[in-house]
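The values are calculated or read from the model by the stated rules, or taken from the named source; none is laboratory data. Values in this document were obtained by computation on a predicted structure and should not be read as measured data. When we count neighbours, we look across all protein chains shown, and the Cβ atoms used for this are built from the backbone with ideal geometry, even at glycine.
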């Protein structure tokens, strides 16, 4: 089936309403570009003022255009847009682009106007891009509908492109286009989405996922209006081994503020986006040059590798600097296998280095045979995934033939950095070697790219689980912790040895059965933070201590909060050794159910040491989340300390996530704090658990807890 | 007085021993460069094989050269170097450069050879650069003695330069030179130091500090052989308002390994270097393009500012992205004062932004009068330190006149980012506007530069204190904690309420005097880690508890360690509320006495949350160290929690630092763990203290502690 955006993104006929004969005006520039670059479809300038424009017949109105067009470009003011859309539609136009500003980005009246367009589009089935956008360009068909001067200042491509641009800003689209052309990369689609009244980022992305002329997408976003659609599109891209490189604005408070005042978009939580990108196989980018270089790397055919890089230089200093920067960027420089070192040692002088970085020394570049041997051996050892040669100017020139030859023989990413003026750059590029002119740019592109190459293997293995239905019915909310835990236990969460008691005598009987020491808690659906109310007593050694604690507890609660309903007492067996985690599952406004895990407490907040993941999780994804915590070494057994039950912690995370996915929408959030992770092999139990309703007003302590986990 | 390096770095006559007529050989290239670029001094090629070279008379040997030369360049093999140095010296040569490799970087024999050169230089007073170096160049006099092909491939400067290069690698020197020339920045000195047998990095740096032709130094280092000399040179630079931008290799283990196998240099601790750079007014850099841009920024005259940036764009998206990147790079985008916002609001449409980033919108660039008003108001408000304009291509062109005009009127750093192809770049540069072509490079240069502008005000205020002599004599080492604390108290360190007791009865009497609860510890110079031995009992509530604890303690210590001498018992009043820090002072092999502070414990190790500072410290520097800790908010009172006595903690840090500076060399390290910081106004006391002798073999627990603080 043809995608509904086809008439918009691959039109065979275009009408420009509000056409101008001035190539500097928005009604003129697209016509000039269409004619200059040889668009093969039909072009219909429409304006009663002119009889011709750029050598084409100009039509007085859309009604006189002799055929229904695929695409009508509206270069007219905001107030005139809706009537004109109706007229175009009644003349059979399948899609339209609205340049005009003055809609939702402006004020209330503009918002109302935009809603009318949305309604018209929904009812009529017309595909409307914008409003408030710069237009589009299909560079493979030269279907230009954008007023972007970058098409005049950058040399036009001669070959078909496989890289598409999809941005929520026209200026960003132009900036990226200019940089891609500087790298001589041809482009497929140039899309800026504007206000996304009818077609949003996710729908365009889905089109590009299905577009045979797109292999790589460079995306810029401020907000995602359709999170689930975005996730589906990412999975489509992934299934076809296409790549999305995305820059998300609003990483800082100030950036988010700028996004908000710019488009009234909510930037969303940066860490949530980052986690979602990782799970959705997206490469996250930080600036434009980096994105253009990531596109170039992704166009090379070597995506099977990972983060292990061999560095070759002719200078120990350059090797050391590159090692520092690569490792800081998350890459690895593994020691080379003894056999490879032996090959290198045969020709590298004593003052060189056969480790990694390899310093072949300046003399060796004069011996192309040995250079070929070195490259050959690094390009074929299974100990590395990529080879980077840092050789300035003429030194690179001397090695160029050997590099090109080896690059063509081995399916491995080979990159060169030339901070000099090497003459061989084009020849190396022709051999599919990535040639960088700047060390910083090389690191900023290779770091995320090779990390992604490694991660995508895991992402590929990550099948979306269908979480089980729970075994217990959802208790009425708010629920006390025993009810909450019973519900969660139905998804496989481990609970402590515990029982609820109606009175102190029953509590003593339970404690006798469980064995001392025990923990006593007040059981109430209305006290989320028991400690502050004196409603928790730890480590009670015997019955006397239990009775005394119970008496104190009931007195202090009655004094402080005479209003609350008390469901009874809860007796838990006191846990001994273990490590506390906090696990929270909540519904993200963009990505839906998400899980967060951290160590809990004030230090987690200060160090912002939390991991996030889209739900449902499988155990491997839960393990990756835990490994993403900086405190993970403590769980594994740090410096001879005992190891804790990481497997059980992962199972608990999966269960908590499943519970939220399965729960009705009224459950906004599930929090287990602490999840008590016992020593290895002994499990992980939810010592406390909360089910929060969507409309629950959290206590202040609660709010600060959640801030810690945000 | 003339600096002793003057004949080397500013020679008026040069002999090239081992001259060649081939410009591609190391004995030929310098002569070619000297003649090509018009060096005005005397040039004496020396080689019996030729009668002339590059149009100059060639002399058979140094003895026949008709005058004593300032500088002899030795383009001969390692084995011939020493005899030739003797001959040159006896003919009156004041200095020499040794190109040859095969010295300390190679093997034992080379090391011995290098030592001979060192001895000869020391005895004769001859200044010898290298060996194993690429040579030098004074670009202001065109005194070329380097075989660096970059002088042929980069266009030669036409004006005098003020930027000098000082590197421990010839390749790095060339790479930096090429980048500076790309930015059209002229260079003063091109120095690569090689093996530094006789002249080291610090001595060159001192020369540059005194050199009237140097204002900015770009330095690359792998190790510093003379830490105190480096520190002196940095202070000289600072006194003359000169700038050192430094890249230090070995930031990662792999990078440090590469440095070591490259030059057998120890890379040193990265965090110590970073701390030293901050205190010594050095701008730390990460790559070459960044260094070149930092040189350009430092050449502009605006160093008085700070980190507060106003960003102007014509695109909300570009503003948001730039805000994100600047803030991540440590800069601030303050809200603009209401008066400034009012000025902006008068001309910026509703869909623009008058906050910071400012989005003037694409329409406004067509109104140069209003653009000037906006710039004027941002260039003069005291609320910001720098103004950055992000306007691609033609948009920047339209604003160029206004920008240039305002830049010339206001002593404030103004930078532009043009990711398009603006034509106005040169005009803006002429007006002292920094014009970046890449967003990432702009952020990587402006971030550290503006941070440095702010920091240098503090550095300027940082007078080197002369620490007081201690009031108490150093106890024999190893010392028990009471003796250690008495010594430290002499420098002003606060101690807990405590006293030593000979036996249990005396301990009880002391506890009675102090008031319960108390802490009981074993007093012994031979147990650094008391807890593990059961030699600490906390929170003893009464005499019975104290007696029982004392008995248990003595028994368990006698059983576990019958060998150790016990000096008695120590009774301390139990501290109540407080926060623990760990403070260590030790002698860094490069920078000498240093202080480290952190929260202590395993989490500090995991989060690597420590601050380092050169000693002696003053209180303000101690406060900056504490503020550099990520856990600092906890000390200040986080989310309504109590604040602790930060001032007292700073005093304690100063006292511990002073104690190490004043102590004889046998004291290798002083550790206070914990420093107990009481609530605000109540002081900070050293609950435990260790004086470690240089030859002490730390217990294993000790070692792991120190790993945490490293």
Do we find that residue A:222 is out of contact with any helix residue (DSSP H, G or I) (no Cβ under 8 Å at 6 or more places or on another chain) and either crowded, with 21+ Cβ neighbours inside 10 Å or within 10 Å of chain B (Cβ to nearest Cβ) (or both) in this structure? no
Within segment A:101-130, count every residue that is within 12 Å of another protein chain (Cβ to nearest Cβ) and either surrounded by 22 or more Cβ atoms within 10 Å (Cβ to Cβ) or in contact (Cβ under 8 Å) with a residue 24 or more places away in the chain (or both). 6
Could you tell me whether any residue of segment A:310-325 is touching a residue at least 60 places away in the same chain (Cβ under 8 Å) and surrounded by fewer than 24 Cβ atoms within 10 Å (Cβ to Cβ)? yes
Would a scan of segment B:345-354 turn up a residue that is part of a strand (DSSP E or B), within 19 Å of residue B:410 (Cα to Cα) and in contact with a strand residue (DSSP E or B) (Cβ under 7 Å, 6 or more places away or on another chain)? no
Of the criteria (1) away from chain B (no Cβ under 14 Å); (2) without any contact (Cβ under 8 Å) to a residue 60 or more places away in the chain, which one residue A:192 fails: (1)
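Please determine, by comparing only the residues of segment B:284-322 that are assigned to a helix (DSSP H, G or I) and more than 22 Å from the chain's Cα centre (by Cα), which one is farthest from the other protein chains (Cβ to nearest Cβ).
Our first condition is that a residue be assigned to a helix (DSSP H, G or I); within segment B:284-322, this holds for B:288-299, B:316-322.
With more than 22 Å from the chain's Cα centre (by Cα) added as a condition, the list becomes B:316-322.
On the way: B:316: 3, B:317: 3, B:318: 6, B:319: 5, B:320: 4, B:321: 5, B:322: 8 Å.
Only one residue fits best here, namely B:322.
If you check residue A:177 against the conditions, is it surrounded by 24 or more Cβ atoms within 10 Å (Cβ to Cβ) and either under 26 Å from residue A:279 (Cβ atoms) or assigned by TED's automatic domain parsing to the domain that holds residue A:19 (or both)?
On the way: surrounded by 24 or more Cβ atoms within 10 Å (Cβ to Cβ): yes; either under 26 Å from residue A:279 (Cβ atoms) or assigned by TED's automatic domain parsing to the domain that holds residue A:19 (or both): no.
In short, no.
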List the number of the failed condition for residue A:137; all other conditions in (1) in a loop (DSSP other than H, G, I, E, B); (2) within 30 Å of the chain's Cα centre (by Cα); (3) buried (at least 19 other Cβ atoms within 10 Å of the Cβ) hold. (1)
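From B:603, B:634, B:614, B:533, grab the single residue that is more than 14 Å from every other protein chain (Cβ to nearest Cβ), at pLDDT below 95 and farther than 21 Å from residue B:690 by Cβ. Give the derivation first.
Numbers: B:603 fails: more than 14 Å from every other protein chain (Cβ to nearest Cβ); B:634 fails: more than 14 Å from every other protein chain (Cβ to nearest Cβ); B:533 fails: farther than 21 Å from residue B:690 by Cβ.
Step by step, each of B:603, B:634, B:614, B:533 is checked, and only B:614 is more than 14 Å from every other protein chain (Cβ to nearest Cβ), at pLDDT below 95 and farther than 21 Å from residue B:690 by Cβ.
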Say we look at segment A:650-671 and pick out the residues that are over 17 Å from residue A:616 (Cβ atoms) and surrounded by 17 or more Cβ atoms within 10 Å (Cβ to Cβ); which of these is nearest to the other protein chains (Cβ to nearest Cβ)? A:671
Which listed residue is surrounded by 17 or more Cβ atoms within 10 Å (Cβ to Cβ), within 14 Å of chain B (Cβ to nearest Cβ) and either touching a strand residue (DSSP E or B) at 6+ places or on another chain (Cβ under 9 Å) or closer than 30 Å to residue B:630 by Cβ (or both), from A:579, A:594, A:553: A:579
Qualifying residue in segment B:271-288 (condition: surrounded by fewer than 23 Cβ atoms within 10 Å (Cβ to Cβ), over 30 Å from residue B:186 (Cα atoms) and not assigned by TED's automatic domain parsing to the domain that holds residue B:387): yes
Residues being free of Cβ contacts under 8 Å to residues at least 24 places away in the same chain and either within 13 Å of another protein chain (Cβ to nearest Cβ) or buried (at least 24 other Cβ atoms within 10 Å of the Cβ) (or both): count how many of those fall in segment A:382-423. 0
Neighbours by Cβ (under 6 Å, 6+ apart or cross-chain): first from segment B:144-169, more than 14 Å from every other protein chain (Cβ to nearest Cβ); second part of a helix (DSSP H, G or I): B:144/B:30; B:144/B:33; B:144/B:34; B:145/B:30; B:163/B:295; B:164/B:208
Mind checking which residues of segment B:537-550 are surrounded by fewer than 19 Cβ atoms within 10 Å (Cβ to Cβ) and under 14 Å from residue B:521 (Cα atoms)? B:538, B:539, B:545, B:547, B:548
Residues in segment B:326-349 that are within 8 Å of chain A (Cβ to nearest Cβ) and surrounded by fewer than 24 Cβ atoms within 10 Å (Cβ to Cβ): how many? 2
Out of (1) at pLDDT below 95; (2) under 24 Å from residue B:432 (Cβ atoms), what's the single condition that is false for residue B:353? (2)
